[in-house]
Each structure stands twice: as structure tokens, then as C-alpha cells.
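After the C-alpha cells below, expect a handful of questions from me.
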Amino acid sequence: MKTITSMVALLPLTAAFTPSSFTARTARHAAARRVTAVPSAVPTMVASAEPAAKPQRRTLPPVLGGLKAGNKKLCVITGASSGLGLSAAREMCEKDDYFVICAVRDVDKMRSEAAAQGMDEKKYAIIECDLASFQSIKDFVFDLKAFKSSRPLDRLVCNAAVYLPKDPLPKYSEDGYEMSMAVNHLGHFLLCNLLIDDMAKSKDARCVIVGSITGEQRAHRW
């Protein structure tokens, strides 16, 4: 636990850490990311090493959800607005012993998808969470605790991910990390560490790490 916590503490510092022994290599990496001129016949693609602009919170999170959740087990699913995450959220909502918290970047999209899937509004809540932003993850954990109060979290499904094999140039998160690394790994790593003490209070806590780009077409049965 101490090792995990110390690693999380280092995350915001990693991009700025440049020991003198690595100066030459850092310079080579910076040079490789500079934009060079391209022929006018080829569409210009600008590579920016600047992190993405910090997103603004668009929605007010739900609070005091203890009455809504009742005695059901609390389950957080990241990336619940599409693919495996949406299928998992729908399946969990069909069970009587679970209440689902949909952790998504686009709250409006989640509302639309949930309605299209016929999900019972009494069995889920939506809280904004952008895995590409460390601050958004911290805000989500704060909002989640405000929603569930003193009740522990029983299930955490780390499903959200980006897959960008066709992008010709890398994209970066607002914290300066390559987007796939930020969302698929560092974001969930931070989320797990911020919630692990809370989940330890549950009698039957489970954390599920999803790793798939091929399971979009088939709903998984829980």
C-alpha cells in the first residue's frame, strides 16, 4: 500500500523530472516532437506537445444518494456510455441488488444511452469523470463520496479506455502524458488508489480491470 501511494504521489511530477544524466536524451525527444515543414500538396498536421486544455465541469453532481441506492451494493463503472461499459451498466441495473454509478466524460451522452437502453433511472446515477485529467478524477472521487456518504464502495469496474491506432500523431492529456497512457493506465491507477481505502471497508469489495478491444459486440453476463 505504501509503495502504491508513493507512486501516485509521483505522477504529477514525472513529466517535469529531468535529471542531468538524461539531458541529452530529453533533448533528442524534444527535437523529434518539433513540427517540420511539409509539401503544400500534403494536408498539414500540427503536432503539439502542449497538453490539452483543462475541461470545465459542465454538470452538478448528484448528492445524498443513500436513499436512492437503498441497501444495494454500489458499483462504479468507468466509460459506461458505450461498448462493454454500457452493456455492463445495463446488466447491473437489471439486477435488484446493485446500484450503478456511471463514471463518464460526457454526462449528456450517458443520459441518452441509458434512456435508449431502457435503464431504470432509480437504479443508476451519473457522475462526470474524465480519465485524461487527474483533477477530474479527484473531483469524481469527491463527488462520489458526497453521493454515497459513509457507505463503502463495493465494486469498481475500470473499463474506460482510448484506442487510437490510426492517429498519425500522438495526443496528450492536460497533465502532459500521452493520451492512451493517461486514460488507460495512469488515470485508472490514480482512481483505484483514491478509492482503495474506501473499498477496504466493504465486506465483499471487488475491482475489475477490463482489457479488451474486441468485445464490443457481445454483452457480458454478470
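Specify the inter-centroid distance of segment 171-195 and segment 77-110, based on alpha-carbon positions, in whole Å.
20 Å
Counting only residues 5 or more places away or on other chains, whose amide H sits under 5 Å from the amide H of L153 once H atoms are built in the peptide plane?
M199
Using packing as a proxy for protection, rank 106-116, 178-188, 140-150 so that the peptide with the highest average count of other Cβ atoms within 10 Å comes first. It would help to have the intermediate numbers written out before the result.
On the way: 106-116: 16.0, 178-188: 20.2, 140-150: 17.8.
Those peptides, ordered most packed to least, come out 178-188, 140-150, 106-116.
Using a 1.4 Å probe and counting only protein heavy atoms, arrange Y163, Y172 so the residue with the most accessible area comes first. Write down the numbers at each step before the final one.
Working: Y163 145, Y172 35 Å².
Reading off the accessible areas and sorting them downward yields Y163, Y172.
Quick check on segment 117-202: what does the Kirkwood estimate of hydrodynamic radius come out to from the alpha carbon pairs, in Å?
Values: mean 1/r = 0.0695 Å⁻¹.
Computed over Cα pairs of segment 117-202, the Kirkwood hydrodynamic radius comes out at 14.4 Å.
Show the residues, 5+ positions off or on another chain, whose built amide H is closer than 5 Å to the amide H of Y98.
Close amide H contacts, sequence-distant or interchain: K73.
Right, next: Going down the list K68/K203; K122/K145; K109/K201, which pairs span over 28 Å between their C-alpha atoms? Numbers along the way, then the final one.
Working: K68/K203 21 Å; K122/K145 19 Å; K109/K201 32 Å.
Over 28 Å apart, Cα to Cα: K109/K201.
The values are calculated or read from the model by the stated rules, or taken from the named source; none is laboratory data. Every value quoted in this text rests on a predicted model; they were computed, and no experiment measured them. Because the Cβ atoms are built from the backbone with ideal geometry, glycine has one as well, and the counts that use them run over all protein chains shown. Remember, those area values only see protein heavy atoms, side chains included, never the ligands or the DNA or RNA. Shrake-Rupley method; radii C 1.70, N 1.55, O 1.52, S 1.80 Å.
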